[in-house]
Amino acid sequence: MGRDPRIVIIGAGVSGIATAVTLQRNGFHNFVILEKGSDVGGVWYWNRYPGLTCDVPSQLYQFGFAPKPDWSQVFAPGPEIQRYLADVAGRFELGPHLRFDSEVVAAEFTGSGWRVETGDGVVHEADFVIAATGVLHHPAMPDLPGLGDFTGQVLHTARWDDSVPTEGRRIAVIGTGSTGVQVVSALQRKAERITHFVRSPQWVIWAPMNLPQPALVGAVLEKLPQVNKALYQAGMAGAKLFTDVVTRPSWRRRVVQEYARVSLRAQIRNPEMREQLTPDYQPLCKRQVLSASYYRALRARNSELVTTGIETVTPTGIRTRDGRDHEVDVIVFATGFRAHDYMRPMNMTGREGISIDEAWAKGPRAYRMTAIPGFPNLFTVLGPNSPTGSIPLHHAAEVTARYITAWIQRWQAGEFDTVEVTEEATGRFEAEVAEALGPTVWNTGCNSWYFTEGGNIDLLPFDRHTMETMLAAPDERDFHLRRNA
Ligand code: N01
């Protein structure tokens, strides 16, 4: 038994929970999880809009160490995922480690460790900081002219307010990503009128998002864990096919893309509407949207699709560039997230006072998604270049957490006091990523939230095996290991 590291985990979403459980299972218990929200779940805590459903099959959208056989649907609804995450936190006894309503406002490398401060003024001294702060965290709210004068109600999907009525009202939804498509489908049924403002149409692949998982399936998987495991592995094999489709051009990619085109043609017969809904980029280039109900909702008598640009918000609605006024009671922003603001606006400073904003002036970068030059004893989980568009995320978080744990074990054994990735190794990793991004479908000419402001694609263009290999064990040639003076 060596030294007992003090560890701060920032965030209690999927990646924070994966990290905490992994540390605990390896005998590390001296950690706190600082969470801005009032419960666990990360985006699944904050996101509560009507119709919220996961578009990854539930049997894959779970931790390898905490299988849940009895999902209610093949694609689980949002609240069930949040309950699952809370249940895992309970089962693994994370309660004593969790600090809710604790937003980290500053984190400073002291030369030998970290000093982390939360908004309520509490300071935590730590040997390691693990930032599990998430990708879909900060809602993006466009600064539309006139919005401040709107007399109706304004909602962002990532901060839904249940006290705002939507039934029987005239609703505008702005944005057509996975969220916009789900929220339009859900609100249309009971709205007096729903107007969907679509700046860039998306390819929407037909998939049975509300398909129930029969209770019998859950019971069988519960009784026969080996079958459950086989199902998980079959799902992982399916996910591998998906990674291949998005990362390499092939007939397989073309088949999926054709299916997206057929999904549109088969459901939208009106040529004018089909034209309006046809994107000018390849299917799969943006994060793919799945839905069985969106086109039907758009065809409904109380729906209108508006593809003319927004000129201004007026006190009573939205005026489009053709001079038309659309009178509405509620404006719903389904405009996504500032996905590359990892850890910010926290005031984070590394070695020699370098701030994270300076280090990332050209966009977020990290060696193998987890280590940042200038920031010793700090690791990210689902940080820059994480495989949000291709590999099951819980698995990616677990693999990264095990890698970080391996470094902490070496610290425990007294091999070093601080570990910091080299600039050279980080640059090498970036070059490998840039080259592999070339043939990916994300690079075929669309504007998506995958792009950073610097124009890089913030995704991992490798398959699961490559990701597992690169995070299998620390390679100390890529790091500076130092001892405190
Ligand atoms: O956000 P988005 P999202 N005027 O960034 C539009 C995950 N997710 O919340 O394309 C008008 O995809 C913008 O238009 P354009 C999933 O990974 C998962 O929908 O920039 N429109 C776009 O249409 C997903 O990819 C589930 O022209 C404006 C939309 O807003 C990610 O979350 C469910 C605008 C933003 O789309 C983000 O999805 C939901 C403006 N000023 C979400 N500004 C699951 O099922 C922006 N837009 C797991």
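The values are calculated or read from the model by the stated rules, or taken from the named source; none is laboratory data. What you see is a predicted model, and the numbers here were worked out from it, not measured in a lab. As a convention, Cβ positions derive from the backbone with ideal geometry for all residues, glycine included, and neighbour counts pool all protein chains shown. What goes into the accessible areas is simple: the full protein's heavy atoms, side chains included, and nothing from ligands, DNA or RNA. Shrake-Rupley method; radii C 1.70, N 1.55, O 1.52, S 1.80 Å.
For P271, the criteria (1) open to solvent by 20 Å² or more (accessible area, probe 1.4 Å); (2) within 16 Å of the ligand (Cβ to nearest atom) hold in every case but one, which is (2). Screening the candidates G454, G414 for the property of being in contact with a Gly (Cβ under 9 Å, 6 or more places away or on another chain), at positive phi and more than 16 Å from the ligand (Cβ to nearest atom) yields one hit, G414. Scanning region 216-247 for residues that are in contact with a helix residue (DSSP H, G or I) (Cβ under 7 Å, 6 or more places away or on another chain) and of a type in the set (S, T, Y) yields a single hit, T243. If you go through region 423-448, how many residues are away from the ligand (no atom under 16 Å from the Cβ), farther than 19 Å from T243 by Cα and open to solvent by 20 Å² or more (accessible area, probe 1.4 Å)? Qualifying residue count, region 423-448: 6.
At least 1 residues being small (G, A, S) is the threshold, and among the helices (runs of 4 or more DSSP H) wholly inside region 389-485 those reaching it are 393-412, 423-437. Of everything in region 346-387 that is part of a strand (DSSP E or B) and touching a helix residue (DSSP H, G or I) at 6+ places or on another chain (Cβ under 6 Å), the residue that is farthest from T466 (Cα to Cα) is M348. Considered as a group, the residues in region 326-339 that are away from the ligand (no atom under 11 Å from the Cβ) and open to solvent by 30 Å² or more (accessible area, probe 1.4 Å) include one that is farthest from D127 (Cα to Cα), and that residue is E327. If you filter region 82-118 down to residues that are touching a Lys or Arg at 6+ places or on another chain (Cβ under 9 Å) and without any contact (Cβ under 8 Å) to a residue 24 or more places away in the chain, you find that the one that is least open to solvent (accessible area, probe 1.4 Å) is Y84. Across region 241-270, the qualifying residues are those that are in a loop (DSSP other than H, G, I, E, B) and out of contact with any Phe, Trp or Tyr (no Cβ under 8 Å at 6 or more places or on another chain), and the one among them that is nearest to A436 (Cα to Cα) is R248. With respect to (1) of a type in the set (G, A, S); (2) within 13 Å of the ligand (Cβ to nearest atom); (3) without any contact (Cβ under 8 Å) to a residue 24 or more places away in the chain, the lone exception for G121 is condition (2).
A search for C-beta distances below 9 Å between a residue of region 331-345 that is under 15 Å from A361 (Cβ atoms) and assigned to a loop (DSSP other than H, G, I, E, B) and any residue that is modelled with pLDDT of 85 or more and near the ligand (Cβ under 6 Å from one of its atoms), counting only pairs 6+ apart in sequence or on different chains, returns H340/W449.
If you check P67, P50, P79, P57 for being open to solvent by 10 Å² or more (accessible area, probe 1.4 Å) and free of Cβ contacts under 8 Å to residues at least 40 places away in the same chain, only one passes: P79. Selection of first residues in region 8-19 that are touching a residue at least 40 places away in the same chain (Cβ under 8 Å) and open to solvent by 10 Å² or more (accessible area, probe 1.4 Å) and of second residues that are part of a helix (DSSP H, G or I) and hydrophobic (A, V, I, L, M, F, W, C), restricted to Cβ pairs under 6 Å at least 6 apart or on distinct chains, gives the following pairs, ordered by first then second residue: V14/A397. Of the residues G152, G180, G146, the single one that is within 15 Å of A297 (Cα to Cα) and either without any contact (Cβ under 8 Å) to a residue 24 or more places away in the chain or touching a strand residue (DSSP E or B) at 6+ places or on another chain (Cβ under 7 Å) (or both) is G180.
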